[in-house]
1. Can you find even one residue in segment 120-137 that is at pLDDT below 95, of a type in the set (A, V, I, L, M, F, W, C) and not in a helix (DSSP H, G or I)?
2. Within segment 522-539, can you find the residues that are touching a strand residue (DSSP E or B) at 6+ places or on another chain (Cβ under 7 Å), closer than 13 Å to Gly631 by Cβ and part of a loop (DSSP other than H, G, I, E, B)?
3. Collect the residues in segment 64-94 that are modelled with pLDDT of 90 or more and charged (D, E, K, R), keeping them in residue-number order.
4. Within segment 469-479, identify whether any single residue is over 33 Å from the mean Cα position of the chain (by Cα), modelled with pLDDT of 80 or more, more than 18 Å from Val550 (Cβ to Cβ) and open to solvent by 40 Å² or more (accessible area, probe 1.4 Å), and answer yes or no.
5. Pull out all pairs, ordered by first then second residue, where Cβ-Cβ is under 9 Å, the residues are six or more apart or on different chains, the first lies in segment 409-427 and is among the charged types (D, E, K, R), and the second is at pLDDT 90 or above.
6. Please go through (1) more than 17 Å from Ala527 (Cβ to Cβ); (2) loosely packed, with under 15 Cβ neighbours inside 10 Å for Leu589 and return the number of the only condition it doesn't satisfy.
7. If we keep just the residues of segment 595-626 that are in a loop (DSSP other than H, G, I, E, B) and crowded, with 21+ Cβ neighbours inside 10 Å, which is modelled with the lowest pLDDT?
8. Consider segment 585-628. How many of its residues are free of Cβ contacts under 8 Å to residues at least 24 places away in the same chain and hydrophobic (A, V, I, L, M, F, W, C)?
Amino acid sequence: MQRSTVGKAITMIAPAVAAVIYVCALSVLALHDKLLSNSVDLAHHLQLVEALKAGGALPASSAAYLNEMYVYPNLAHRLAALWVGLGSNSLNALGMTAYAAGGFIWLCLIEITRRISLKAMLASLALTLLLIQRGQMLLGQEVVGNFFYAQLVAEAFFVGSCIVGVKLVTRAPVAFAMFAPAAVFISGEVHQLGALKLALALALLATAYAWRAWRETRQIATACLITMVSAPLMLVANPHFLAMAKIAGNNGSVEFGLAIPPSLVGTGAALLLALSLSLLMSDWRKPSRPAGPAGLLAMIGAATAIAALLQSLAWSFGAGSEYAVLKHAFGVITLLVFIIPAVLFSAGSESTTQPWAWQLSGAALMTAHLLVLLSLYGGPSRLDVDASARLLARVEAVAVAGRLSEPPLTYFVSARHPAIVNYMATVAVLHTPRDALALAILQTHPTTALLDVPEVLTERGDRLYDAPPCRQGPSHQHLVLLSGRCLSTQAYAQKGLVLGARILFKAGEAGGAYLKTGWSAPELGGAWSSAQSARVVLPLDNPHLRPVQVRVQTFGFLPSPSATRTAIISVSGGAPRAFTFNGAQPSHLFELDVPAQASSAQELTLNVQAPDAISPAELGLGPDTRRLGVGIEAAQIVYAPRGEPGG
């Protein structure tokens with residue numbers, strides 16, 4: 001008697017469930033409190049998890065601070081939110097979900113290759129370990145250096161769905177026809193890259209089985225024909241499809257550990273497609289036989305290659321971006337690592353394998369998988385996850401207490417935490433929009449910037465930002481709220497400029513007190529030099545006794561598009577720096593190293609020269625007789641790159 005349909009289904013999904021439980025347990029036990037990325041993408045994915053952890057749909061009001069993440073597929077983030085519901089913090093939830101996805105992919109690929117031949121598996125393992133040592137370019141490493149979280153989870157769903165599809169297509173064709181479009185649609189709720197690959201793979205599988213059915217029986221495989229249409233259709237029917245196509249046009253950077261040009265991705269994809277189709281045809285020529293592991297691997301490889309080639313083609317016609325092409329490199333390189341040994345060491349039918357050899361290769365599977373995972377994720381954490389999570393929880397407590405400005409315009413800054421943690425607290429927990437000020441928190445380490453913002457939240461006793469005269473509103477046990485404007489005024493700098501403080505020379509700002517000779521009165525944009533030589537004196541809070549640097553934001557007097565103007569600036573006898581302003585570069589940030597003997601002085605002197613200064617009156621532009629050359633907008637005293645704190 002045949003087993004029931006339910007029994008068959010349980011038999012088919014049991015290994016997959018066991019694999020998921022195994023990799024999740026491994027992630028919790030071995031990779032807890034570890035994040036191998038401090039990328040800006042980590043903060044943006046954290047935004048979604050924080051927004052979703054309470055459950056339900058995203059409120060319309062969240063669109064203002066989530067930006068493009070509001071239309072981003074969020075099923076992977078809901079999975080991470082489940083970890084939060086089980087007691088984890090959001091950072092660990094993202095990390096463990098990502099590591100479990102990476103572990104699942106590698107468990108499946110190693111097992112598929114093991115079923116082809118032990119030689120193929122060992123050769124793939126050797127290539128894998130070699131490439132891991134050279135950089136981070138394999139599946140699973142999307143979250144090492146980078147943080148392409150949703151893409152990695154979608155890759156895991158893609159591989160798992162391909163395995164299920166191969167099992168269903170011969171055993172239950174009708175179930176396969178129902179499963180394929182549903183799987184593609186669900187995958188699109190994770191990430192469109194995985195959905196594209198899955199639609200291609202399942203359509204390819206359906207095409208191959210329809211062709212085989214016609215060749216052997218002259219019967220039309222209706223279920224397969226339906227799948228050939230429904231799988232791609234569900235890709236474009238997903239509500240995230242158009243939004244993600246638009247986001248793909250945003251360029252960015254991908255950290256591989258070595259240079260990989262987009263052309264190399266296209267070349268690798270073409271090679272992968274040729275090898276995959278060769279392996280696929282070899283496997284499918286065998287009559288009246290379900291797809292073997294070689295055919296399954298080839299199907300995954302072919303779909304990966306076609307997706308990369310389509311993205312490369314789109315980019316060549318002006319759609320998408322170089323960034324979108326490069327993100328395909330993880331899948332292309334990984335599948336080449338498995339396809340090449342499979343082509344070289346294919347052992348034919350598994351039935352010829354001896355029992356003792358099969359048991360030996362089973363032990364090799366577990367050993368290889370653990371070895372790969374340790375190599376992929378064994379590096380040191382780039383963030384102190386526990387400390388960062390505690391801080392985010394404290395910031396959230398203040399936000400929940402309703403002590404902040406409306407609409408949210410509060411920026412968290414602290415000298416005690418990396419810039420990425422300050423940025424995460426600002427955009428993910430405080431819900432402050434990702435404007436230029438928020439990005440400045442990310443791009444400039446908080447110990448070298450004091451931002452002129454509406455409202456600042458910092459840690460009590462922070463050496464740079466907790467200025468008691470600037471506190472406002474009730475304080476939290478660990479955090480204090482301050483007026484951003486107060487922090488950049490003379491009241492905070494009355495004892496001298498604190499290392500990291502940013503002083504403005506605009507009308508009404510504190511910088512006017514430091515302008516000595518050769519300057520006009522400050523205006524809205526800054527202060528103009530009114531002579532060929534001008535001087536700024538910056539008093540210091542205390543001698544720093546370490547190499548410091550003065551950063552001076554300047555602009556030139558350019559009365560016409562073709563005009564140029566030269567500025568020469570030095571600090572306290574240090575080497576002068578020159579810059580010529582023009583229409584293409586109307587402003588410039590001078591970075592001036594302070595001589596060692598001057599860094600412990602009570603004040604620093606900026607000497608500004610404008611040798612080609614000229615008055616508007618001389619140019620016939622009005623009665624203004626000031627000899628304008630260079631304008632000064634802001635100055636900031638920071639540690640020089642060679643003299644970071646503690647160095």
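The values are calculated or read from the model by the stated rules, or taken from the named source; none is laboratory data. Here the structure is a predicted model, which is why all the values come from computation and not from measurement. Here the Cβ is made from the backbone with ideal geometry for all residues, glycine too, and neighbour counts use every protein chain on show. Calculation scope for accessible area: heavy atoms of the full protein, side chains included, ligands and nucleic acids excluded. Shrake-Rupley method; radii C 1.70, N 1.55, O 1.52, S 1.80 Å.
1. yes
2. Gly525, Gly526, Ser530
3. Arg78
4. The answer is yes, given that some residue of segment 469-479 is over 33 Å from the mean Cα position of the chain (by Cα), modelled with pLDDT of 80 or more, more than 18 Å from Val550 (Cβ to Cβ) and open to solvent by 40 Å² or more (accessible area, probe 1.4 Å).
5. Arg416/Ala387; Arg416/Leu391; Arg416/Glu459
6. All conditions are met except number (1).
7. Restricting to residues being in a loop (DSSP other than H, G, I, E, B) and crowded, with 21+ Cβ neighbours inside 10 Å, the top hit is Ser599.
8. 1
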